[in-house]
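Quick notes on the structure that follows.
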Amino acid sequence: MATQTLTRPAFRGTSATQLRQPRKKMTAGRAAVLAVAAILAVLWLIPFAWATVTAFKSETDATAPKVSWIPPSGFTADAFVKVFQDGNIPLWTWNSLYTSAAITVITLAISALVAYALSRIDFRGKKVLMTVIIASIIIPPPVLIIPLFYQMVALHMIDTSWAIILPQVIHPAMVFVLKKFFDQIPRELEEAAVMDGASRMRIFTQIILPLSRPILAAVAIFVFISAWNNFLWPFISTNDGSILTLPVGLQTIKSAYGIQYAQNMASALLAALPLILVFLFFQRQIIKGVATTGLAGT
Amino acid sequence: MSSLATSESAEQAPSLPGQFRSNPSRKRPSGPGRSNASQSSPRRTRDNLNGWGFAAPFLAFFLVFLVWPLLYGLYMSLTGKSLTGANDSLIGLANYAEALADADMWHSLGNTLYFTVISTVPLVLVALVMAALVNVGLPAQWLWRLSYFAPYLLASTVVSLFFSWMYNPQLGLINDSLAKIGLPKVAWLNDPNVAMWAIVIATLWWTVGFNFLLYLAAMQNIPAQHYEAASLDGAGAWRQFFSITLPQLTPTTVMIVLLQILASLKIFDQVYQMTAGGPAGSTRPVVQYIFETGFTGYRLGYSAAISYIFFGLIVTVSVMQFFITRRRSA
């Protein structure tokens with residue numbers, strides 16, 4: 001991205017016109033590209049469309065032997081009304097929201113602090129600490145579920161939100177994403193503050209953090225999405241219906257409703273809605289966030 | 001390691017003038033009246049305190065919720081511990097011996113590897129195709145990005161509900177569409193030969209958007225001059241893709257493949273929710289077997305042992321990844 005914007009002005013006179021020429025020539029090719037892209041997009045949108053249509057059907061129409069995009073007895077919002085009357089989806093959405101927010105805030109705070117130390121402070125044992133954190137990236141979370149469960153039982157945290165939140169705040173890869181970014185901030189910017197005798201914490205909060213907003217947002221988005229969608233750990237650590245997160249709660253609905261397909265699809269859509277809305281509002285940041293943290297995550 | 005050596009010696013032996021002269025802007029030799037020797041020792045102490053202080057919160061979580069469970073799990077795997085708290089005594093490697101002779105364990109491990117192999121190829125190729133299409137400069141970029149990426153934002157449960165409904169043998173959209181073009185109906189989630197492929201299709205739909213974004217970001221970083229030069233030489237779109245785009249993407253491709261392998265090895269959610277491991281255990285992955293032996297079989301020690309066998313597999317793959325990427329960059 002940076003290289004493109006940097007080089008563009010220099011080339012403006014010549015290359016802009018040259019670039020446009022082959023574009024005009026390839027109209028057939030571009031039409032083919034557009035067609036393939038459109039077919040893929042339709043395939044990728046069909047599950048959403050089909051779930052939406054089903055959710056707006058009556059249960060009779062949904063389970064009619066003949067598959068229909070337009071239900072014989074018309075569209076109805078009955079399924080949504082029933083799901084709302086149950087009251088579980090709003091509760092679980094709230095649970096997902098605050099546990100994911102808590103995980104994101106804690107992850108960001110502790111990761112940024114340690115990343116700053118690894119990037120800027122020369123302390124004894126730094127290399128060892130860095131190696132240990134790097135090595136821990138390969139630990140797959142499923143390996144820890146058995147001992148973690150046992151630990152949560154011992155700490156009396158099973159069936160509390162703490163059990164969901166606390167083990168999810170360690171993201172060693174994100175520590176390195178942040179460290180890499182901090183490494184690029186010129187040291188000259190802090191030198192004046194150091195001369196004035198500012199403390200490390202002051203430099204961190206008043207110089208480094210404000211300059212790191214893009215990467216902090218990227219990490220926050222990445223952590224939030226993974227926390228929002230995590231299933232295995234919340235599933236194991238919680239049984240109490242009042243603290244279930246959305247993914248785990250939905251799993252219980254599936255078996256409770258049995259063959260109530262319209263209600264199943266209505267709940268699934270309501271569960272999908274918050275993140276899709278968030279995506280529509282913060283598209284750029286989310287794409288950047290996933291791309292930078294995903295690329296730098298290795 | 002070499003960088004450690006130089007920085008250490010610079011700190012400890014500030015009398016080495018060469019070190020400073022080589023990089024005068026970084027550390028200016030201290031002004032008059034301030035000797036480095038007297039300054040360095042309290043500064044080191046302060047740095048040590050600050051460094052560990054800043055690391056402390058992360059370290060606390062890291063030790064309690066990662067290192068401790070990792071070590072405790074290893075210990076559990078050497079005991080006969082059960083969820084009911086019965087036998088806590090050490091039984092050595094008996095769990096491991098039992099696991100290695102456990103046909104179900106091998107079957108679930110085989111399922112995991114099978115899924116990893118058959119899912120990685122489409123998850124990388126389709127992502128590449130999507131990114132290449134969008135990168136050509138299609139109008140309404142947001143529309144393509146939204147369509148391809150949106151499923152990644154869904155929880156596994158939502159994806160499983162969507163696909164269980166579409167895979168429904170009698171009422172499902174997919175079989176209905178197959179029937180319309182004259183193809184036979186398929187028992188998507190009930191046929192042991194098909195179920196894993198049904199899971200792969202759902203997984204492809206769900207997660208390919210992530211790889212797509214990584215590819216798209218990498219493609220947009222390829223300098224435009226490369227393409228300008230190539231089109232001046234008369235290279236067409238296909239030629240440009242194979243001679244410029246693909247080679248420039250090699251590091252990204254290696255990374256995506258390896259990330260994908262590691263992600264696929266951890267498969268659990270969508271299988272558990274769509275088939276519960278069935279039919280006849282044909283889709284049960286090793287993570288589900290760990291979960292089942294621990295929480296429905298109550299055998300925590302045995303379950304922990306299988307966890308560590310699985311961990312061994314992941315470490316092996318990661319080490320291979322390390323050496324492959326090493327060789328490429330060297």
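The values are calculated or read from the model by the stated rules, or taken from the named source; none is laboratory data. Model, not experiment: these values are computed from the prediction. Note that each Cβ is placed from the backbone with ideal geometry, even for glycine, and that neighbours are counted across all protein chains shown.
Residues of segment B:154-189 that are part of a loop (DSSP other than H, G, I, E, B), of a type in the set (A, V, I, L, M), surrounded by 14 or more Cβ atoms within 10 Å (Cβ to Cβ) and more than 8 Å from chain A (Cβ to nearest Cβ): B:Val186, B:Ala187, B:Leu189.
On the stretch given as segment A:39-69, residues that are more than 9 Å from chain B (Cβ to nearest Cβ) and either surrounded by 15 or more Cβ atoms within 10 Å (Cβ to Cβ) or under 16 Å from B:Leu161 (Cα atoms) (or both) total 9.
For the residues A:Ser226, A:Ser267, the requirement of being on the phi < 0 side of the Ramachandran plot, more than 9 Å from every other protein chain (Cβ to nearest Cβ) and part of a helix (DSSP H, G or I) singles out A:Ser226.
Looking at A:Thr76, is it touching a Pro at 6+ places or on another chain (Cβ under 7 Å) and modelled with pLDDT under 95? The answer is no for A:Thr76.
On inspection, B:Ala276 passes the criterion of being more than 25 Å from B:Leu133 (Cα to Cα), free of Cβ contacts under 8 Å to residues at least 40 places away in the same chain and assigned to a loop (DSSP other than H, G, I, E, B).
When residues in segment A:43-68 are screened for being over 12 Å from A:Tyr261 (Cα atoms), touching a helix residue (DSSP H, G or I) at 6+ places or on another chain (Cβ under 6 Å) and hydrophobic (A, V, I, L, M, F, W, C), 3 of them pass.
Any chance segment A:160-168 includes a residue that's closer than 23 Å to A:Leu113 by Cα, at pLDDT 90 or above and within 7 Å of chain B (Cβ to nearest Cβ)? Break it down into steps so the answer makes sense when it comes.
Within segment A:160-168, the subset closer than 23 Å to A:Leu113 by Cα is A:162, A:164-168.
The next check asks that each one be at pLDDT 90 or above; those that pass are A:162, A:164-168.
Keeping just the survivors that are within 7 Å of chain B (Cβ to nearest Cβ) gives A:166-167.
Yes, the conditions are met somewhere in segment A:160-168.
Does B:Pro192 satisfy the condition of being outside any helix (DSSP H, G or I), of a type outside the set (Asp, Glu) and modelled with pLDDT under 90?
On the way: outside any helix (DSSP H, G or I): yes; of a type outside the set (Asp, Glu): yes; modelled with pLDDT under 90: yes.
So B:Pro192 fits the description; yes.
For segment A:130-157, give me the residue count where each residue is among the hydrophobic types (A, V, I, L, M, F, W, C), part of a loop (DSSP other than H, G, I, E, B) and within 25 Å of the chain's Cα centre (by Cα).
Here is the first cut: in segment A:130-157, the residues among the hydrophobic types (A, V, I, L, M, F, W, C) are A:130, A:132-135, A:137-139, A:143-146, A:148-149, A:152-155, A:157.
Those left that are additionally part of a loop (DSSP other than H, G, I, E, B): A:137-139, A:155, A:157.
Restricting the remaining residues to those that are within 25 Å of the chain's Cα centre (by Cα) gives A:137-139.
Within segment A:130-157, residues that are among the hydrophobic types (A, V, I, L, M, F, W, C), part of a loop (DSSP other than H, G, I, E, B) and within 25 Å of the chain's Cα centre (by Cα) number 3.
The residue that is nearest to A:Ser111 (Cα to Cα), among those in segment A:175-208 that are outside any loop (DSSP other than H, G, I, E, B) and of a type in the set (Val, Ile, Thr), is A:Val175.
In this structure, does A:Ala32 turn out to be more than 9 Å from chain B (Cβ to nearest Cβ) and at pLDDT 85 or above?
On the way: more than 9 Å from chain B (Cβ to nearest Cβ): yes; at pLDDT 85 or above: yes.
Spelling it out, A:Ala32 is indeed more than 9 Å from chain B (Cβ to nearest Cβ) and at pLDDT 85 or above.
What are the residues in segment B:274-309 that are under 23 Å from the mean Cα position of the chain (by Cα), of a type in the set (Ser, Thr, Tyr) and within 20 Å of B:Leu83 (Cβ to Cβ), if any? Selection gives B:Tyr289, B:Ser303, B:Ser307, B:Tyr308.
Which residue, of B:Pro122, B:Pro139, B:Pro151, is surrounded by fewer than 23 Cβ atoms within 10 Å (Cβ to Cβ) and touching a residue at least 40 places away in the same chain (Cβ under 8 Å)?
Values: B:Pro139 fails: touching a residue at least 40 places away in the same chain (Cβ under 8 Å); B:Pro151 fails: surrounded by fewer than 23 Cβ atoms within 10 Å (Cβ to Cβ).
Every option except B:Pro122 fails the conditions.
Filtered by the rule that a residue be surrounded by fewer than 24 Cβ atoms within 10 Å (Cβ to Cβ) and touching a Pro at 6+ places or on another chain (Cβ under 8 Å), segment B:292-309 gives no residues. Within segment A:114-140, the set of residues being out of contact with any Gly (no Cβ under 6 Å at 6 or more places or on another chain) and touching a residue at least 24 places away in the same chain (Cβ under 8 Å) comprises A:Val114, A:Ala115, A:Tyr116, A:Leu118, A:Ser119, A:Arg120, A:Ile133, A:Ile134, A:Ser136, A:Ile137. Scanning segment A:87-109 for residues being more than 16 Å from the chain's Cα centre (by Cα) and without any contact (Cβ under 8 Å) to a residue 40 or more places away in the chain gives a total of 4. All conditions but one from (1) surrounded by fewer than 19 Cβ atoms within 10 Å (Cβ to Cβ); (2) part of a helix (DSSP H, G or I); (3) touching a Leu at 6+ places or on another chain (Cβ under 8 Å); (4) not hydrophobic (A, V, I, L, M, F, W, C) apply to B:Gln321; the one that does not is (1).
Taking the criterion of being farther than 24 Å from A:Gly29 by Cα and touching a Pro at 6+ places or on another chain (Cβ under 6 Å), would at least one residue in segment B:196-204 satisfy it? Yes, segment B:196-204 contains at least one residue that is farther than 24 Å from A:Gly29 by Cα and touching a Pro at 6+ places or on another chain (Cβ under 6 Å). Can you find a residue in segment A:93-103 that is among the aliphatic types (A, V, I, L, M), within 11 Å of chain B (Cβ to nearest Cβ), surrounded by fewer than 23 Cβ atoms within 10 Å (Cβ to Cβ) and closer than 20 Å to A:Val223 by Cβ? No: zero hits.
Looking at segment A:158-173, which of the residues that are among the β-branched types (Val, Ile, Thr) and assigned to a helix (DSSP H, G or I) is surrounded by the most Cβ atoms within 10 Å (Cβ to Cβ)?
Within segment A:158-173, the subset among the β-branched types (Val, Ile, Thr) is A:158, A:160, A:164-165, A:169-170.
With the extra rule that they be assigned to a helix (DSSP H, G or I), the set shrinks to A:164-165, A:169.
Numbers: A:Ile164: 29, A:Ile165: 22, A:Val169: 23.
That would be A:Ile164.
Among the residues of segment B:267-324, those identified as of a type in the set (S, T, N, Q), farther than 23 Å from B:Tyr96 by Cβ and at pLDDT 90 or above are B:Gln270, B:Gln273, B:Thr275, B:Ser282, B:Thr283.
Taken over segment A:229-260, the criterion of being surrounded by fewer than 24 Cβ atoms within 10 Å (Cβ to Cβ), facing another protein chain (nearest Cβ under 8 Å) and in a helix (DSSP H, G or I) is satisfied by A:Asn229, A:Leu232, A:Ile236, A:Gln251, A:Lys254.
Out of the residues in segment A:110-129 that are assigned to a helix (DSSP H, G or I) and more than 7 Å from every other protein chain (Cβ to nearest Cβ), state the one that is farthest from the chain's Cα centre (by Cα). Outline the logic, then answer.
At the first step, the residues of segment A:110-129 found to be assigned to a helix (DSSP H, G or I) are A:110-120, A:126-129.
Then drop every residue that is not more than 7 Å from every other protein chain (Cβ to nearest Cβ), which leaves A:112, A:115, A:118-120, A:128.
Values: A:Ala112: 18, A:Ala115: 21, A:Leu118: 25, A:Ser119: 26, A:Arg120: 29, A:Val128: 30 Å.
My answer is A:Val128.
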